[in-house]
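Student: Below are the structure tokens for one structure; questions will follow.
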Amino acid sequence: MPSYYLRELAHARSGDKGDTSNIGVIAYRPEFYSLIVSQVTVDRVRAHFRSLVKGPITRYELPRFSAINLVMEQSLGGGVTRSLSLDPHGKSYSALILTMPIEVDDANALLLSAAGRKPIARERTS
């Protein structure tokens with residue numbers, strides 16, 4: 001099964017309140033929503049963000065919008081007024097989540113290919 005970066009299937013927006021960041025991930029097409037729901041899990045998000053998120057992560061599914069919302073607590077180094085981070089608002093978190101690899105079935109790979117989207121290049125093993 002080919003893998004694509006999440007950015008090929010969806011766009012994202014992020015926001016913050018105190019030390020909590022949230023990211024909305026919105027599928028470009030309703031057909032991509034099931035891939036997002038099945039693969040953008042709390043465990044995968046935690047692994048993808050590594051040490052950036054120290055608190056709980058809650059995922060909300062929004063099927064009518066073909067979207068999910070991720071709320072990540074203790075993710076901004078204390079928040080805007082306390083953080084030494086270069087991005088205390090967490091605006092770059094929406095860009096970071098879009099680098100998550102997503103395995104895509106053949107039917108959706110055809111849709112992506114028709115739209116000019118390229119799969120992640122596989123590393124060569126010699």
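The values are calculated or read from the model by the stated rules, or taken from the named source; none is laboratory data. These numbers were taken from a predicted model, which means no experiment stands behind them. Because the Cβ atoms are built from the backbone with ideal geometry, glycine has one as well, and the counts that use them run over all protein chains shown.
Student: Would you please name the residue that is nearest to S3 (Cα to Cα), looking only at residues in the stretch 71-126 that are modelled with pLDDT under 75 and of a type in the set (D, E)?
Tutor: In this case the residue turns out to be E123.
Student: Sticking with this structure for a sec: Considering only residues that are surrounded by 20 or more Cβ atoms within 10 Å (Cβ to Cβ) and hydroxyl-bearing (S, T, Y), look in the stretch 1-41 and name the one that is nearest to P119 (Cα to Cα).
Tutor: Result: Y4.
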